[in-house]
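Participant: Before we start, here is the structure in question, set down as structure tokens.
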Amino acid sequence: MAAGPAARACATVLASTIRVMLDQLSAWVGTAVDLVLVILGFSLIIVLHELGHFLAARWAGIRVLAFAVGFGPAVLSFRKGLGWRRGSSEAEVHRILTDESARAAHGPGTIGTTEYRLNALPFGGYVKMLGQEDARPTAVSSDPDSFTQVPVWKRMVVISAGVAMNMLIAAVLFVAVFMVGRRTEPAKIGVVAPGLPAATAVAENGVALGVTPPGLRSGDEVLSVNGRKPDSFNDLMLAAVMDRRGNPVELEVKREGVPQPLVFRIIPKEDRASRMLQLGLAPAFSGQVETAPTRYGRKEIARQLLLTPLAGVRPGMTIKSIGGRATGAATVHALNDAIVAAAGATVRTVFTDNVDQLPGPDVTFEFRAQPELQAAPILVESDFQVEMTHLLGLVPVLSVDTVQTAGEKAGLLAGDIFVQIGSVEWPSVPEGIAEIRRNKHKAVRVVVLRKNGGDLNEVDLGAVPVSGAGTVGFRPDDTARTSALVTAWPSLPAPKDEGATSARSGASLSIPRGSRIVKVDNEPVGSLDQLMGVLRRRTAAGGPAAVTLTIQLPLAGAAPAEDTVAWTIPEADVKALQGLSWVSPLSPGLFEPVQFTLKASNPAQAVGMGLRETHRVMISTYLTFARLLQGSIKVEHLKGPVGIAHIGTIIAGKGLIWLMFFMALISVNLAVVNFLPIPIADGGLFVFLCYEQITGKPVSPAVQNAATLAGLALIVGMFLLVTYNDIAAFFGG
């Protein structure tokens, strides 16, 4: 008997649900495996660190009581003369040593002094030496083979051996990575953010070479960073982040059509969102749409692409033709250049599948450039800035781009337009963000306009909770591209270093908040984008221009009330308007970055690259602490165990070579941090030994105890702080 339509529909839904669950399960299993690999790799680095101490102690003639892998009670142990035991053999050894007959049965010297343990929590490890305990400085021993009885210089070697082992491990891992090769982004400029240092810097030798426009450009190849040849684009980022505040980063740049390299000296600027120094650059992106190694990952990317101008393209597809011309290996930058050059006309673009994926039909798009609008930096808080879009002072209303988990729970949907947030009606982007941040740990009333069919209906979401980080769970956008809704210029300051924002005569017009501009003179407009195009045409002759805006007053019912506003646009605003250009709707971040294989040509070169990378990472780690004290790097930028595990899981998903590279970075960082002059760390113990070597007597137990407690408090406090920051960042804070 044939199944009915309802049964077939249920079966289809069930099959689809099972596929989704299996995809999610596969993704979770993959992530769990990557996390286990990161934890095991981190633990192995710690064990090898302790192995360095162990080998040096044996060389120095110090009695090692235990070499343990993991913490907690012993699960399995081995001791020379006794063999393998379940649990620890310490009790058995004590019984043998205190029982004369048992001692005689084993014979003198047949039982080893060192117990090798596998403990219940196999994460990390430790070495226990006679007369040396980090947490108990007074636990000394007078035995000749104890830690305190060997010469000071030998103890220095023992204390330093763990750090030396970490540096050696890192060097070996780096050599292995460079022998095989690691995929990374070349030192080539892909995106230059407008208004940021890289976009405004002037080449020192530009006039001599015939280059007068300021800024770096997409396609520029960076030949040197502060005099050193960069291995990858990451070197540019690190140079900015690690720079002393106010110091320039010197870039030597090769530009197509310019006979000699251009020299730029660019002073990084603090990004007010991340609070890190930046140049305002992004790497080059390819013509391949973003993809993922797993089916679940590709489905997630496809779902995100539905919210972009690439809705309908499949992850991994590449640009096949632009404007009817085959492209070969075209990048998204070439596509964006073609879209901008079309100045509002459509550019027909075809995407095709890669040969290594299941073939599918080509996808064709008609892309059109959007008119460029102005951007004004606004301080939401003293240390938090946002860029507000506007058109000669006409400000769009805050809307929802994408929704996160907290926003979904609150009832927000993508595309919602905010009528009210707290006490602010028709908020602009900075006003809405400021009102939300003012109500951390509280709730704000939220009212939105939501599209229902062809109509916009007002929806009251009631009191929406605000997180401790000042968020309600959405990515902000504005109505500039979709509507001609306008609100007032925010009564919030601009950053002091930005100067006064000019060319904004529209801010002084008497237009009520939430009004919609529907006409310029008699020409209808539907968005600020369209308004910009109309105004450009009407002011093409230059000089002051007079226009009449027809506005629809906010929420005026079934028959909206209209009003007119006369606007005389001054000459400065006309110049600013005519200076605006076109922008592509495509974000390069939707595409895979351009990559190459960074690989040594022979073993000798791999060794050299490995040693240089080890040295570079070590210096960068020390500079991190220096910049932390100077303020150009903040405490929230440091990563604790949660953050390291999260980043490590992402990196492990890129493959074994990336995981090895990450472990090498961790090994160097562990060495540097462990050798800082902090009591209870190896560096602090080394300082005590230096004092003992100089004065001929050890640091007093009271001072050691006090210093140990202070060091322990510092480490625990820092651990809790970075862990809190990691968790807050992980959950969207």
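Participant: Can you give me the Cα centroid spacing of the range 233-286 and the range 145-189 in angstrom?
Facilitator: One Cα centre to the other: 30 Å.
Participant: Further question on the same structure: Each label point is 7 Å from the Cα along the Cα-to-Cβ direction; what then is the distance between the points at Ala343 and Leu209, in nm?
Facilitator: 3.0 nm
Participant: Using label points projected 7 Å from each Cα along Cα→Cβ, tell me how many nm separate Arg437 and Ala572, to one decimal.
Facilitator: Each label point lies 7 Å from its Cα, and together they span 2.7 nm.
Participant: Further question: Please give the length that would be gained between Glu458 and Ala326 if that part of the chain were fully extended, namely 0.36 nm times their separation in residues minus their C-alpha to C-alpha distance (nm, one decimal).
Facilitator: Answer, rounded to one decimal: 42.7 nm.
Participant: Carbon and sulfur: what percent of the range 443-483's accessible surface (1.4 Å probe)?
Facilitator: Accessible surface attributable to carbon and sulfur in the range 443-483 totals 44 percent.
Participant: Which order do the peptides 702-708, 455-461 come out in when sorted by mean C-beta neighbours inside 10 angstrom, highest first?
Facilitator: Result, highest mean first: 702-708, 455-461.
Participant: Counting each DSSP H run of 4 or more residues in the chain as -39500 (n - 2.57), what helix-only mean residue ellipticity at 222 nm follows after dividing by all residues, to the nearest 500 deg cm²/dmol? Display every interim value, and only then the final one.
Facilitator: Working: 17 runs with 272 residues, N = 733.
One gets -12500 deg cm²/dmol as the mean residue ellipticity at 222 nm.
Participant: Along the charge dipole of the chain, pointing to its positive end and built from +1/-1 on Cβ of Lys, Arg, Asp and Glu, which listed residue (Gln385, Ala74, Pro197) has its Cα farthest out?
Facilitator: Sorting the options by dipole projection puts first Ala74.
Participant: What whole-number value in Å² describes the accessible area per residue of the chain for a 1.4 Å probe? Working shown, then result.
Facilitator: Values: 36480 Å² over 733 residues.
That works out to 50 Å² per residue.
Participant: Any idea what the dipole of the chain comes to, in debye rounded to 20, about its Cα centre with Lys/Arg Cβ at +1 and Asp/Glu Cβ at -1? Intermediate values should be presented prior to the final figure.
Facilitator: Numbers: 65 positive and 61 negative charges, 255 e Å.
With only Lys, Arg, Asp and Glu charged at Cβ, the dipole is about 1220 debye.
Participant: Once the dipole of the range 467-616 is set up with Lys and Arg at +1 and Asp and Glu at -1 on Cβ about the Cα centre, which of Thr597, Gly608, Gly543 lies farthest towards its positive end?
Facilitator: Among Thr597, Gly608, Gly543, the one farthest towards the positive end of the dipole of the range 467-616 is Gly608.
Participant: Another question about this same structure. How big is the dipole moment of the range 346-494 about its Cα centre under a simple scheme where the beta carbon of each Lys and Arg is +1, that of each Asp and Glu is -1, and everything else is neutral? Debye, nearest 20, please.
Facilitator: In total the dipole reaches around 400 debye.
Participant: Using Cα pairs under 8 angstrom and six or more residues apart, how large is the relative contact order of the chain, in percent? Before the final figure, lay out the partial values.
Facilitator: Details: 1407 pairs, mean separation 104.0, N = 733.
Relative contact order, the chain: 14 percent.
Participant: Okay, next question. Ranking request for peptides 257-266, 312-321: highest mean number of other beta-carbon atoms within 10 Å first, then the rest in descending order.
Facilitator: Output ranking for 257-266, 312-321: 312-321, 257-266.
Participant: To continue, here is another question. Carbon and sulfur: what percent of the range 388-440's accessible surface (1.4 Å probe)?
Facilitator: Working: 770 of 1690 Å².
On the range 388-440, the fraction of accessible area on carbon and sulfur atoms equals 45 percent.
Participant: Considering the zone a paramagnetic label at Asn602 would reach in this model (a point 7 Å from Cα along the Cα-to-Cβ line), which residues of the range 162-184 have amide N under 19 Å from it?
Facilitator: Zone members listed by number: 175-181.
Participant: May I ask for the net charge around Ala193, where only other residues with Cβ less than 11 Å from the Cβ of Ala193 are counted and Lys, Arg are +1 while Asp, Glu are -1?
Facilitator: In short, -1.
Participant: Put a dot 7 Å past each Cα toward the Cβ at His94 and Ala414; how far apart are the dots in nm?
Facilitator: 6.5 nm
Participant: Roughly how many percent of the accessible protein surface of the range 213-365 is carbon and sulfur, given a 1.4 Å probe and a whole-percent answer?
Facilitator: Using a 1.4 Å probe with all protein chains present, the range 213-365 comes out at 54 percent carbon and sulfur.
Participant: Same structure again: Length gain on complete extension for the stretch Ala494 to Arg475, per 0.36 nm per residue less the alpha carbon to alpha carbon distance?
Facilitator: Contour length minus the Cα-Cα distance gives 4.6 nm.
Participant: Place +1 on the Cβ of every Lys and Arg and -1 on the Cβ of every Asp and Glu in the chain, take the dipole about the Cα centre, and give the residue among Leu223, Gln374, Leu118 whose Cα lies farthest towards its positive end.
Facilitator: Leu118
Participant: OK, next. Take the alpha-carbon positions of the chain, form their convex hull, and give its projected area averaged over all directions (one quarter of the hull surface) in nm². The partial results should precede the final answer.
Facilitator: On the way: hull surface 183.9 nm².
Result: a mean projected hull area of 46.0 nm².
Participant: Next question, about the same structure. Which entries of Lys269/Lys409; Lys128/Lys154; Lys299/Lys654; Lys254/Lys575; Lys229/Lys320 have Cα-Cα distances beyond 27 Å here?
Facilitator: Pairs exceeding 27 Å: Lys269/Lys409; Lys254/Lys575; Lys229/Lys320.
The values are calculated or read from the model by the stated rules, or taken from the named source; none is laboratory data. Being a predicted model, the structure only gives us computed values, none of them experimental. Note: ideal-geometry Cβ built from the backbone for every residue, glycine included; neighbour counts use all protein chains shown. All accessible areas refer to the heavy atoms of the entire protein, side chains included, with ligands and DNA or RNA removed. Shrake-Rupley method; radii C 1.70, N 1.55, O 1.52, S 1.80 Å.
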